[in-house]
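Below is one structure; the comments refer to it alone.
FYI, it's all coordinate maths here, none of it is from the lab. Worth saying up front: this structure is predicted, and the values here are computed from it rather than measured. Heads up, the Cβs are rebuilt from the backbone with ideal geometry, glycines too, and the neighbour counts pull from every protein chain shown.
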Amino acid sequence: MVHETIARVTARIVERSRPAREAYLARVERMASKRPRRGALGCANLAHGFAACGAHDKAELVADVVPNLAIVTAYNDMLSAHQPYERYPDVIRRAAHEAGAVAQVAGGVPAMCDGVTQGRAGMELSLFSRDVIALAASIALSHDMFDAAVMLGICDKIVPGLVIAAQAYGHLPIVFVPGGPMPSGISNDQKSKVRQLYAEGKATRDELLAAESASYHAPGTCTFYGTANSNQMLMEAMGLHLPGASFVNPGTPLREALTVAAAKRALAITALGNEYTPAASVLDERAFVNGVVALHATGGSTNHVIHLVAMARAGGIYLTLEDFDDLSRVVPLLTRVYPNGSADVNHFSAAGGTGFLIGELLKGGLMHPDARTVSGLPLGDYAKEPYLDDGELKFRDAPAASLDEAVLRPIERPFSPDGGLRVLRGNLGQSVIKISAVAPERHVVRAPARVFHAQEEVEAAFRAGELSRDLVCVVRFQGVKAIGMPELHKLTPILASVMAHGHQVALVTDGRMSGASGKVPAAIHLSPEAKAGGPIARIRDGDMITLDAVAGTLDVEVAPEEFAAREPASCDLEPHEHDYGRELFANFRLVATGPELGASSLG
């Protein structure tokens, strides 16, 4: 039985989305009726399409009787998570041949590492890279040579961009293929401590680099529960992965077996067979509600409050912040993975992983068990884990009990009775806050504002000793229309240090913090943003601000008449409009929607 709130919110989304969803599905049906007909292509078109193929594959494609699998890859050497994808096309081609089919790399998409660009100019391109990825993947699939696709992507904006593209090609079966997390390095507590000491001038750069290198040390995703690993959990909860595929380490026999199985499964569900499962049939309203529920239950990345909205809208489904908020109030927090705890995703996986998590949420009626998946099983059968039996991939039931309740809890004994994300509303607009890592005594902060227009200004004030007091740090002109809505991770160790000295501290910003949002209460994605004339542009130093995550409010304590009469602050953004390719994204900044609509330049 599905929980009443889950059913009610889903029904509300269905009704709200009905006109857009019906129009989208009509387009999908139209495309499905024109399914790829390579034999109908002009001879020059087809010759170009298989010119680089071997003789066997050419003969198969000419005959037009076997499926052709598109590989869309985000491989590069810059992202540790994506470096293992270098070998995947060969593995997938072999798997396709074993299945009597063909596979081709249809195209690559860009993939930037937010860990490299944090605090740098490149971070101002990060959010827009999601839209570029969606466009690039759509171009890759536009050759109309393919019956299905596998998407090779993991990290922050890559998976959401690929899902948006999958929605555009909703008539194709599309399976997402993960790469898995790197092995555990030094503990997250150790890494966090060195970062804070460095911010306070008590650790050297060499010591900081040594700690970071011991943490991020091998191929695979970073092991903390940020956006990349939230992506993997979501793809499984939304039915786009095979069961239990998300957190198997790279370079292992089990990882390769899952890749082979994903490729063969994509080929088995094309329109040429009897199990046709187009992406549009998987990515329905139930899938997105399941995704939001899993995000809340794991204290996942706040980036997904933006990304899930954009991903859903690409398929004519309208998610709102109200939906996130209502679901958060009934979904318990079942995990403690850094930054919500000291464990990493390898510890989460060892404790029972996604199989145990999904099983507990299903047991509580908090997910739709009948949601369709690429595996052919309904989500109700996703409480599984993969294993190898004499080299053969098999699936077994996930553990019936958590193997470490410090990391993963049963639904009867959650870490918190409600989810890790909240929506805040008040006279400053609306924002979101991740509270799963915030101590309960810090869920309400009332302090005077200190206003900044850049992370660097906060850093300078901290080094000058100006922040040693209670404060709400307001960092504005960071929104999507201003400078692309970068993540503001440089603020975390600074504000954590101020808080550690006994002060009340909070952050209010129209920028982002992402999955690394930690123990400092942070009202982020504030909308309307300063560039759009939002109330944040009227805040002045000394204004008393109350952030109340319990009541779900965010307010400045200034008389309404006085506040409305204030002239909005201005900011010279010209330095952010050029260099590092930022000038190429001027139109993106101009047309982007607010974060509550997905912060998208794609409409």
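Note: relative contact order over the stretch 528-603, using C-alpha pairs below 8 Å and six or more positions apart, is 20 percent.
Residues whose amide H comes within less than 5 Å of that of ILE269, counting only those at least five positions distant or on another chain, are absent (H built at 1.01 Å from N in the peptide plane).
Computed over the stretch 118-161, the P(r) tail beyond 16 angstrom holds 45 percent of alpha carbon pairs.
Distance between the modelled labels on ALA464 and LEU208, one decimal in nanometres: 2.0 nm (7 Å Cα→Cβ projection). Any of LYS191/LYS394; LYS434/LYS531; LYS191/LYS434; LYS157/LYS490 with alpha carbons more than 26 Å apart? Name them for me. With Cα atoms farther than 26 Å apart: LYS191/LYS394. Between the C-alpha center of the stretch 524-603 and that of the stretch 307-371 there is a gap of 28 Å. Backbone amide hydrogens, once placed in the peptide plane, bring LEU333 within less than 5 Å of PHE415, SER416, ASP418, excluding anything fewer than 5 places away on its chain. In plain terms, the chain from ALA439 to ASP541 could stretch by 34.1 nm, reckoned as 0.36 nm per residue minus the Cα-Cα distance. Footprinting exposure proxy ranking of HIS143, HIS578, fewest other C-beta atoms within 10 angstrom first, gives HIS578, HIS143. Only Cα sites of the stretch 77-139 enter the Debye sum here, all with the same form factor; the resulting log10 I(q)/I(0) across q = 0.20, 0.23, 0.24 1/Å is -0.88, -1.01, -1.04, listed in q order. Between ARG27 and SER187, the simple spin-label model (points 7 angstrom out along Cα→Cβ) gives 5.1 nm. Annotation for the stretch 481-508 versus the stretch 191-212: alpha-carbon center distance of 17 Å. A convex hull fitted around the alpha carbon atoms of the stretch 460-536 yields 86 Å³ per residue. Between GLU457 and HIS578, the contour length at 0.36 nm per residue exceeds the Cα-Cα span by 41.5 nm. An ellipsoid equivalent to the stretch 421-597, defined through the eigenvalues of its Cα gyration tensor, has semi-axes of 24, 18, 16 Å when rounded to whole angstrom and sorted largest first. Reported to the nearest whole Å, the Cα centre-to-centre distance from the stretch 75-95 to the stretch 398-469 is 35.
The phi torsions of the stretch 65-79, fed into the Karplus equation with coefficients 6.51, -1.76 and 1.60 and a -60° offset, translate into couplings of 10, 10, x, 10, 9, 7, 10, 10, 10, 10, 4, 7, 8, 6, 8 Hz, rounded to whole numbers, with Gly and Pro shown as x.
If you wrap the tightest convex hull around every Cα atom of the chain and split its volume per residue, you get 149 Å³.
Here's the picture: charge each Lys and Arg Cβ at +1 and each Asp and Glu Cβ at -1 in the chain, and of GLN504, LEU172, ALA74 the one pushed furthest to the positive end of that dipole is LEU172.
Across the stretch 43-52, computed HN-Hα scalar couplings (Karplus, 6.51 cos²θ - 1.76 cosθ + 1.60, θ = phi - 60°) run 4, 5, 4, 5, 4, 4, x, 10, 4, 8 Hz from first to last residue, x flagging Gly and Pro. For the stretch 495-591, taking Cα atoms only, Rg and Dmax work out to 16.1, 45 Å respectively.
Ranked by the mean number of other Cβ atoms within 10 Å of their residues, highest first, the peptides 290-301, 346-357 fall in the order 290-301, 346-357. What value, in deg cm²/dmol to 500, does the helix sum -39500 (n - 2.57) over DSSP H runs of n ≥ 4 give at 222 nm once divided by the residues of the chain? Calculated from helices alone, the mean residue ellipticity at 222 nm is -11500 deg cm²/dmol.
Across every pair of non-identical alpha carbons in the stretch 323-375, the mean reciprocal distance, once inverted, gives a Kirkwood radius of 12.7 Å. Annotation for VAL550 and VAL65: the two label points, set 7 Å from Cα along the Cα-Cβ direction, are 7.2 nm apart. You can think of it this way: the chain between ARG16 and ILE139 has 41.2 nm of extra reach, that is 0.36 nm per residue less the Cα-Cα gap. Computed 3J(HN,Hα) for the stretch 450-459, one whole-Hz value per residue from the Karplus formula 6.51 cos²θ - 1.76 cosθ + 1.60 where θ = phi - 60°, is 10, 9, 9, 10, 6, 4, 5, 5, 5, 4, glycine and proline marked x.
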